[in-house]
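Right, one structure below, let's go through it.
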Amino acid sequence: MTSDSNTDEVLTAARESGHLELDERNGAVLGAKIRTDWEANVQPIEILKRVAAVHGKDLVSLTLGLWDAEENDYGGLDEFVDAERFPALRELFVGDFDFPEETEISWSHVGSADGYLTGLPQLRWLRLRGGSIELTRAHHERLRTLILETGGLPAESARALATAELPHLEELVIWFGDSNYGADTTPEDFERFFTNPSFGQLLRLTLGNAEISDALAARVVTSPLVAQLQELSFEMGTLTDEGAKALAAGAEAFENLQKLRTGENFVGSEGRAALEKAFGSRLVFGQQEEGDVWDGEVHRYVSVGE
């Protein structure tokens, strides 16, 4: 039996078991989604290797779902998913799992993401989901969309994003996370982002799921970025009346803003009134929470930590 026959059998079995989905068009496989579960007989890395060998040169889109039913660890994959195996790859999603149904974000480990940026020069869209996303540098000449969904973004990763060189980036989504799950970013760690000239094409920005929402809101209104943004979101964070009023006070600087999203925060009636007056129909206020009071202090929590 030839290696090609073995490869075809592995891929066929994975498709039949639901652990591999292929997007076939005009005789070529352009997309692949790989996942595992408790019933899987083949490790997802073995399926990925087969996909790379058979379809890698044509693949444009790759989605990696649940990678381990016990310890969901994607570490090291940024060294395997590269231009040598996937020269045409333009879209990559690492961490396409349902939480908390399949696993918790904090139980998942993305690991180093540097290789995805340095090793895939044709990439246009990158989405990473997991409890730890490690970046030491964020440089890419063609990337248009970067989405980081985490319950605990390390400060080092935030600093790498703040000093990134992503000249064609149009959309940036950052979930900062909960300090109990590794989110140790301070406003100072992220300060250079707001004056970074590399983000000259940025149109859609989410600074979400953050314990420092008020500080981020107060800073963004004084940033050169504010005039170019079409959409801005602070959803799932800890925004209060303080941050809301800061946004409202700087509303005139948002020359091109079409949507401001503030759902799943802690904005009260005063903050809401200020936002509605300043942004009108551009505001998507969303549902708000009330903080927990104990020992005489108000405690507020991001939407996604664990």
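The values are calculated or read from the model by the stated rules, or taken from the named source; none is laboratory data. From a predicted model like this one, the values you see are computed outputs, not experimental measurements. Cβ coordinates were reconstructed from backbone atoms using ideal geometry, including for glycine residues, and neighbour counts include every protein chain displayed.
Structure summary
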| item | result |
| --- | --- |
| Residues of region 194-207 satisfying the condition of being more than 17 Å from Gln258 (Cβ to Cβ), crowded, with 18+ Cβ neighbours inside 10 Å and polar (S, T, N, Q) | Asn196 |
| Set Glu24, Glu9, Glu46: member being of a type outside the set (Lys, Arg) and in contact (Cβ under 8 Å) with a residue 12 or more places away in the chain | Glu46 |
| Residues that are touching a Ser or Thr at 6+ places or on another chain (Cβ under 6 Å) and surrounded by fewer than 22 Cβ atoms within 10 Å (Cβ to Cβ), drawn from region 159-181 | Ala160, Glu165, Pro167, Glu171, Val173, Tyr181 |
| Number of positions in region 137-158 that are surrounded by fewer than 18 Cβ atoms within 10 Å (Cβ to Cβ) and among the aliphatic types (A, V, I, L, M) | 2 |
| Scan of region 144-164 for residues that are in a loop (DSSP other than H, G, I, E, B) and either without any contact (Cβ under 8 Å) to a residue 40 or more places away in the chain or of a type in the set (A, V, I, L, M, F, W, C) (or both), ordered by number | Arg144, Leu153, Pro154, Thr163, Ala164 |
| Members of region 81-98 that are closer than 24 Å to Trp38 by Cβ and either in a strand (DSSP E or B) or without any contact (Cβ under 8 Å) to a residue 40 or more places away in the chain (or both) | Phe93, Val94, Gly95, Asp96, Asp98 |
| Residue among Glu270, Glu297 that is surrounded by fewer than 17 Cβ atoms within 10 Å (Cβ to Cβ) and either of a type in the set (A, V, I, L, M) or modelled with pLDDT under 95 (or both) | Glu297 |
| Residue identified as on the phi < 0 side of the Ramachandran plot, surrounded by fewer than 19 Cβ atoms within 10 Å (Cβ to Cβ), at pLDDT below 95 and not β-branched (Val, Ile, Thr) among Glu191, Glu289, Glu252 | Glu289 |
| Answer from Pro167, Pro187 - the residue that is over 26 Å from Gly131 (Cβ atoms), assigned to a loop (DSSP other than H, G, I, E, B) and of a type outside the set (S, T, N, Q) | Pro167 |
